[in-house]
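Here's the structure, in structure tokens; my notes come after.
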Amino acid sequence: MTLKLPIAALSTLAAAALTALMPLSAGAQQYPNKTVRFIIPFPPGGPTDIMGRMATDILAKATGQQFVPDNRGGAGGNIGAEMCAKAPPDGYTLCMITAAQGVSPAIYRKMSYDPVKDLATVTLMASLPSLLTVHPALPVKTVKDLIGLAKAKPDALTYASTGNGSSPHMLMEMFKFMAGIKMVHVPYKGQAPAVLDQISGQVQLAFNTAISVIPQVDAGRLKAVAISSKDRFPPMPNLPTVEEGGVKGFDGGSWQGVGAPAGTPPEIIRRVNSILVTELKTPATRELMLKRGGLVVANSPEEFSAHLKAEIARWTQIARAAKISID
């Protein structure tokens, strides 16, 4: 049986449906109408802080509202990420989602949040190749030299990271596993203190995001041995990759994106994405990002979500092969 409604009734239903949609659309257009908290899950001074503050500056300039950086470091980026995941999904809490959220599910036996289910992806801002750096006093110039020294002196070399399960930690563990060497891990609570101790000689080497150590390399305080990515890094074209140094198949690095609590209205996600992507794709911002050691990505929420899932799968394979797990 087919139900036939008068034209007037159909018009009323259509008008009601349109009216129901209007408040949500208008709300997105008016967003934000108050200060937005922006959680940065690492301490000040490191690459996540640099990228997070870039994002808050872009959003504040575009909207005329304050986006306040809130550094919440600890547990390899998981404390701040969990705070974001458990915040009200109203658009007034945003956060950085980093390579740490791609690594953590692969190595932590228990987590109090799920990066895929509990965080909404906005955009992957940039990929950040890492420099394999050593203290200038260390008698190595190439990856081959470093591997030779580590094999001659097992567990004599120490390397810094931004914490257990962080991207620098996992990159070095992958390097150790693929090169067949042994070194001692020294975790820190952020990249800034890790780099300071490497400069002072407290630790000998590390994988550091280029964005955080290019100035130290330029000043001669650290020595760059290789770049972690598959391809050479445009600002440093003469620096070989780790793979070129003899570790076949090595390809890794960090990345930084913007997220929100799961359940944040899609219209708000799209608005924040549009603002960030538009600015990140300008020639001036691309150039600035390159100078800071990053390569602009600026993709859609769906593409960023697919990237996060792929990273979790990749690091799960590596963690199992290298037998890395954290309670």
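The values are calculated or read from the model by the stated rules, or taken from the named source; none is laboratory data. Owing to the predicted nature of the structure, the values given are computational and were not obtained by experimental measurement. Here the Cβ positions follow ideal geometry from the backbone for every residue, glycine too, while neighbour counts run over all protein chains shown.
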Task: Positions within the stretch 245-281 being among the small types (Gly, Ala, Ser) and in a loop (DSSP other than H, G, I, E, B), in sequence order - done: GLY245, GLY246, GLY249, GLY252, GLY253, ALA262, GLY263
TODO: Determine which member of the set THR121, THR56 is in contact with a helix residue (DSSP H, G or I) (Cβ under 6 Å, 6 or more places away or on another chain) and closer than 20 Å to ARG271 by Cα.
DONE: THR121
Open item on the list: Looking at the structure I just gave you, is SER305 modelled with pLDDT of 95 or more and farther than 30 Å from PRO187 by Cα?
Closed with: no
Open item on the list: among the small types (Gly, Ala, Ser), farther than 30 Å from GLU287 by Cβ and in contact with an Asp or Glu (Cβ under 9 Å, 6 or more places away or on another chain): is that true of ALA75 in this structure?
Closed with: yes
Task: Filtered residue count, the stretch 89-110, keeping only those that are under 22 Å from THR56 (Cβ atoms) and either assigned to a helix (DSSP H, G or I) or hydrophobic (A, V, I, L, M, F, W, C) (or both) - done: 7
Open item on the list: Only one of VAL225, VAL247 is under 25 Å from GLY46 (Cα atoms) and over 21 Å from the mean Cα position of the chain (by Cα). Can you tell me which?
Closed with: VAL225
Open item on the list: Suppose we keep only residues that are part of a loop (DSSP other than H, G, I, E, B) and modelled with pLDDT of 95 or more within the stretch 52-88. Which one would you say is farthest from ALA100 (Cα to Cα)?
Closed with: GLY64
- [ ] Name the single residue, out of those in the stretch 270-291 being of a type in the set (A, V, I, L, M, F, W, C) and closer than 23 Å to ILE214 by Cα, that is surrounded by the most Cβ atoms within 10 Å (Cβ to Cβ).
- [x] LEU280
Open item on the list: Out of PRO266, PRO301, I need the residue that is more than 18 Å from the chain's Cα centre (by Cα) and in the same structural domain as GLY80 (by TED's automatic domain parsing). Which one?
Closed with: PRO266
Open item on the list: So, VAL116, is that one surrounded by fewer than 21 Cβ atoms within 10 Å (Cβ to Cβ) and in a strand (DSSP E or B) or not?
Closed with: no
Open item on the list: Being of a type in the set (Lys, Arg) and either touching a helix residue (DSSP H, G or I) at 6+ places or on another chain (Cβ under 6 Å) or within 22 Å of GLY252 (Cβ to Cβ) (or both) is the filter here; which residues of the stretch 124-164 pass it?
Closed with: LYS141, LYS144, LYS151
- [ ] Working only within the stretch 218-244, note down all residues that are surrounded by 20 or more Cβ atoms within 10 Å (Cβ to Cβ), in a loop (DSSP other than H, G, I, E, B) and modelled with pLDDT of 95 or more.
- [x] LEU222, SER228, VAL242
Task: GLU302 being over 22 Å from ILE39 (Cα atoms) and assigned to a helix (DSSP H, G or I) - done: no
Open item on the list: Among the residues of the stretch 268-291, are any touching a Phe, Trp or Tyr at 6+ places or on another chain (Cβ under 8 Å), farther than 18 Å from ILE58 by Cα and in contact (Cβ under 8 Å) with a residue 60 or more places away in the chain?
Closed with: no
Open item on the list: Which residue is farthest from the chain's Cα centre (by Cα), if the candidates are limited to the stretch 150-167 and must be in a helix (DSSP H, G or I) and surrounded by fewer than 18 Cβ atoms within 10 Å (Cβ to Cβ)?
Closed with: ALA152
- [ ] Run down GLN101, GLN191 and say which single residue is of a type outside the set (A, V, I, L, M, F, W, C), farther than 21 Å from ARG314 by Cα and buried (at least 23 other Cβ atoms within 10 Å of the Cβ).
- [x] GLN191
Task: Criterion (within 18 Å of the chain's Cα centre (by Cα) and farther than 20 Å from ALA156 by Cα) met by exactly one of ALA210, ALA206 - done: ALA210
TODO: Of the conditions (1) at pLDDT below 95; (2) in the same structural domain as GLU82 (by TED's automatic domain parsing), LEU119 clears all except one; give me its number.
DONE: (1)
